[in-house]
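Student: The structure that follows is given in the form of structure tokens.
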Amino acid sequence: MRVDRLEADPTLSDGGAIVDVLQKVTDALRQRCAGVTFSVFRQDTRVWVPRESLYEVLRFLQQEWGFDMLVDITCVDYLHYRGATDRFGMVYQLCNTGDNVRLTVRVMLNEPDLTIPSVTSLWEAANWLEREVFDMFGIRFECHPDLRRILLPPEFTAHPLRKDYPLQGRGERHNFTALTREGG
Amino acid sequence: MTTQQDYLWTLNFGPQHPATHTTLRLVLKLDGERVVDAVPDIGYLHSGFEKIGEHLDYNQYVTVTDRMNYVSPMANNVAWHHAVEKLLGIELTPRCKYLRVIVAELARISDHLLCVGAMGLDVGAFTFFLYGFYEREKIYDIFESLCGARFTNSYTRVGGLLHDITPVTIEQIRDFLRRLPATLSDMERLLTRNRIFMDRMQGVGVLTAHEAINRGVSGPVARASGVTRDLRKDEPYLAYNDFDFQVCCTRAGDCYARFLVRIHEIRESLKIVQQAIENLPAGPVNVGADERVGLPDKQQVYQTIEGLITHFELVMTSRGFSVPCDEVYGAVEAPNGELGFYLVGDGSNVAYRARCRPPSFINFALFPHLICGHTLSDVVAVLGSLNIIAAELDR
């Protein structure tokens, strides 16, 4: 559900203040960057950003609007999702610890060009989170200081959280080379 | 380059080492006894929990969350169903909220007791560890009488709990509340002003508030650095608005500060459990049968038409919950920090994507930053103070 104005939730005591801040942030983003859209679901405010302006928007949010904490980076593979038009959706969970405001930034990616700028230069927290997304989904982060696999071994070839990877694997466990005492 | 680094030697710490407590590996570069560089190598316990989350339904997956942070499984159960209920838009009953607060806080006490105990153990204070472990046994006993399982509880369900609390369990919790403060005082007398312990912990692994926020750290580790963030206060979920408790913070940001914060959080958690257990609201634990989310009890199934329909709808394959095709992020304050789940619903009763935001993962990314410049013997002190649980780290 795409919206223009955010509504305060009357059941929350300080909901008004948070919505005020979010309203200002979203207005500023709209002026700054063309092509951003917003939606709200269960009090989560989400911002859809075009891929080319992702780094600029995140830098703007961190430096002008006090989103000083990067809570999480993750990715969703929309391969089998009903009505989806894009393959991958990146999710950046930001938090402004001063005003206690959360914001989700989304950007969509399609094959074959799965590269986006790394935000390690803005938040140190992005380092391992981006490595995990690279490991699990094969998204490449430009200018990342150390883009290696993190949870899976380096010789692993697939990206297992993609929807075209089967739950039970592709036989990696069974075809694992075993070292024997004689064979070396 | 080789001539420059000739005097450095590399030490492989783990993956099997008593002081890592779980399975994780560090490659340390040492100059004498001083750590110059540390490269964590994780993933030894990776078991694809997020992939499994795309194949188990919202009630089944709670058994997997038990195995993430197995030191406080109840807190994970509460976190998982907090996110699920946010996605489904379910408002819990007051009694259920209070009971979830009680089990989450008992889990926090149990987690902190193990963490401070292991911190003591790693720097040579074995007695202290045993005091902590004795009290953890009592918490396991409470959980056993509450839900039948000591370790992997799986106590929560969508829209409620496995079953209600009994008067026997309430009495057990009251007993525990009466005896723990005395043990805590003993523990504090053993270690808090102990000169050897303080020398090992103070000034080691210092983290500033700015770095803590920039590196995404939350929970006791961030609060020890002076970040006053606690989701129980900042985004009051469940019934945390009803209770009087304080957020424990220090400014020092070293291992000793993290120890102090955890000890004080145990006392605050005791206050919360005390208030919750004495003001436990009456009424049902699960949401009503007409909401079609929780399995109704047998009496309702056999005697009311709504109960029968709900039971049928939830149990039959290809039926089940009706879930919106949308995405939410729900987070709670777990013992180690912010434990969040990012859920993508696709209309079926299985999540399309179940991302877990694990606090241990974020906290462990700090480790090279904290240890560089300290000695090899400080490695275990810093590791212990971060409370890394490898099953949650690797999922």
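Student: Within 10 Å of each candidate Cβ there may be at most 10 other Cβ atoms; applying that plus a DSSP loop requirement, which GluC sites (Glu not before Pro) in segment A:139-184 survive?
Tutor: Numbers: sites: A:Glu142, A:Glu155, A:Glu172, A:Glu182; in loops: A:Glu155, A:Glu172, A:Glu182.
Answer in residue order: A:Glu155, A:Glu182.
Student: Which is the longest run of chain A containing none of the chymotrypsin sites (Phe, Trp or Tyr not before Pro) found in DSSP loop states (not H, G, I, E, B) with at most 15 other C-beta atoms within 10 Å? Could the numbers behind the result be given before it?
Tutor: Values: sites that count: A:Phe156, A:Phe176.
Formally, the longest exposed-site-free interval is A:1-155.
Student: Something else now. Measure nothing but the geometry: give the 0 to 90° angle between the long axis through the Cα atoms of B:126-147 and the longest principal axis through the Cα atoms of chain B, rounded to 10°.
Tutor: Taking the Cα atoms of chain B, the angle to B:126-147 is about 10 degrees.
Student: Which FRET efficiency value, to the nearest 0.05, do you get for B:Glu137 and A:Asp146 by plugging their Cβ-Cβ distance into 1/(1 + (r/R0)^6) with R0 = 45 Å? Each step should come with its number before you reach the end.
Tutor: Details: r = 43 Å, r/R0 = 0.95.
According to the calculation, E is roughly 0.60.
Student: Here is a follow-up. Take B:Gln60 and B:His210, extend 7 Å from each Cα along the Cα→Cβ direction, and tell me the distance between the two endpoints in nm.
Tutor: A separation of 5.0 nm, rounded to one decimal place.
Student: At a threshold of 8 angstrom on Cα-Cα distance, excluding pairs fewer than six apart, so keeping six or more, what relative contact order does chain B reach in percent?
Tutor: On the way: 737 pairs, mean separation 101.0, N = 395.
Relative contact order comes out at 26 percent.
Student: Would you work out if chain B is rounded, prolate or oblate? Take a ≥ b ≥ c from the square roots of the eigenvalues of the alpha-carbon gyration tensor; rounded if a/c is under 1.5, else prolate when a/b is larger than b/c, oblate otherwise. Before the final figure, lay out the partial values.
Tutor: On the way: a/c = 2.34, a/b = 1.58, b/c = 1.48.
Because a/c hits 1.5 or more and a/b exceeds b/c, chain B counts as prolate.
Student: Please arrange B:Thr208, A:Thr26, A:Thr85 by counting, for each residue, the other beta carbons lying within 10 Å of its beta carbon, fewest first.
Tutor: Numbers: B:Thr208 13, A:Thr26 21, A:Thr85 8.
Ranking B:Thr208, A:Thr26, A:Thr85 by Cβ neighbours within 10 Å, fewest first, gives A:Thr85, B:Thr208, A:Thr26.
Student: Can I ask one more? Let me know the shape class of segment B:193-252, please: from the alpha-carbon gyration tensor, a ≥ b ≥ c as square roots of the eigenvalues, rounded when a/c is under 1.5, otherwise prolate if a/b is greater than b/c, or oblate. Could the numbers behind the result be given before it?
Tutor: Working: a/c = 3.70, a/b = 1.68, b/c = 2.21.
Judged from the Cα gyration tensor, segment B:193-252 comes out oblate (a/c at least 1.5, b/c at or above a/b).
Student: Using +1 on the beta carbon of Lys and Arg, -1 on that of Asp and Glu, and nothing else charged, what's the dipole of the protein assembly as shown about the Cα centre, debye to 20?
Tutor: Working: 60 positive and 74 negative charges, 85 e Å.
About 400 debye.
Student: Which shape class applies to segment B:240-395: rounded if a/c is under 1.5, otherwise prolate when a/b exceeds b/c and oblate if not, where a ≥ b ≥ c are the square roots of the Cα gyration tensor eigenvalues?
Tutor: oblate
Student: Of the GluC sites (Glu not before Pro) in segment A:46-134, which ones lie in a loop per DSSP and count no more than 16 other C-beta atoms within 10 Å? Spell out each step's value before the answer.
Tutor: Values: sites: A:Glu52, A:Glu56, A:Glu64, A:Glu124, A:Glu130, A:Glu132; in loops: A:Glu124.
Counting only loop positions with at most 16 other Cβ atoms within 10 Å, none of the GluC sites (Glu not before Pro) in segment A:46-134 qualifies.
Student: Another question, if that's okay. Going by amide H atoms built from the backbone, whose H comes under 5 Å of the H on B:Val204, apart from near neighbours?
Tutor: Close amide H contacts, sequence-distant or interchain: B:Cys255, B:Tyr256.
Student: For A:His144, which sequence-distant residues (separation of 5 or more, or a different chain) have an amide H within less than 5 Å of its own amide H, given hydrogens modelled in the peptide plane?
Tutor: A:Ser118
Student: What spacing in nm lies between the two simple spin-label points modelled at A:Trp48 and B:Ala19, each 7 Å away from Cα in the Cβ direction?
Tutor: 5.2 nm
Student: Greater than 21 Å separation of Cα atoms is the criterion. Which listed pairs, B:Lys138/B:Lys271; B:Lys86/B:Lys138; A:Lys24/B:Lys86; A:Lys163/B:Lys86; B:Lys233/B:Lys271, meet it?
Tutor: Numbers: B:Lys138/B:Lys271 17 Å; B:Lys86/B:Lys138 32 Å; A:Lys24/B:Lys86 25 Å; A:Lys163/B:Lys86 25 Å; B:Lys233/B:Lys271 15 Å.
With Cα atoms farther than 21 Å apart: B:Lys86/B:Lys138; A:Lys24/B:Lys86; A:Lys163/B:Lys86.
Student: To the nearest 0.05, what FRET efficiency results for B:Leu130 and B:Lys29 with a Förster distance of 30 Å applied to their C-beta separation? Can you show the working numbers first?
Tutor: Numbers: r = 36 Å, r/R0 = 1.18.
It comes out at approximately 0.25.
Student: Would you kindly derive the ³J(HN,Hα) couplings of segment B:352-362 from the backbone phi angles with the Karplus curve 6.51 cos²θ - 1.76 cosθ + 1.60 (θ = phi - 60°), listing them in order in whole Hz, with x for Gly and Pro?
Tutor: 6, 8, 10, 7, 10, 9, x, x, 4, 4, 5
Student: If you don't mind, another one. Which whole-Hz ³J(HN,Hα) couplings does segment B:154-159 yield from phi under the Karplus relation 6.51 cos²θ - 1.76 cosθ + 1.60, θ = phi - 60°, glycine and proline marked x?
Tutor: Result, ordered by residue: 6, 8, 8, 9, 4, x Hz.
Student: Of all the stretches in chain A, which is the longest one without any exposed loop site, taking trypsin sites (Lys or Arg not before Pro) in a DSSP loop (any state but H, G, I, E, B) with at most 12 other Cβ atoms within 10 Å? Present the calculation step by step, with values, prior to reporting the outcome.
Tutor: Numbers: sites that count: A:Arg5, A:Arg82, A:Arg148, A:Arg170, A:Arg173, A:Arg181.
That would be A:6-81.
Student: Here's something else I'd like to know. Considering amide H positions built from the backbone, and no H for Pro or chain starts, which residues 5 or more places from B:Ala334, or on another chain, come under 5 Å of its amide H?
Tutor: B:Leu339
Student: Still on this structure: What's the longest uninterrupted piece of chain B once you rule out the chymotrypsin sites (Phe, Trp or Tyr not before Pro) that are loop residues per DSSP with at most 12 other Cβ within 10 Å?
Tutor: That would be B:152-395.
Student: From the phi angles alone, apply the Karplus equation (6.51, -1.76, 1.60; θ = phi - 60°) to segment B:232-247 and give each ³J(HN,Hα) in whole Hz, x where the residue is Gly or Pro.
Tutor: 5, 9, 6, 10, x, 9, 6, 10, 5, 5, 7, 10, 9, 8, 10, 8
Where a number appears in this text, it was derived from the coordinates with a stated rule and is not lab data. Nothing here was measured: the structure is a model prediction, and the numbers come from that model. Note that each Cβ is placed from the backbone with ideal geometry, even for glycine, and that neighbours are counted across all protein chains shown.
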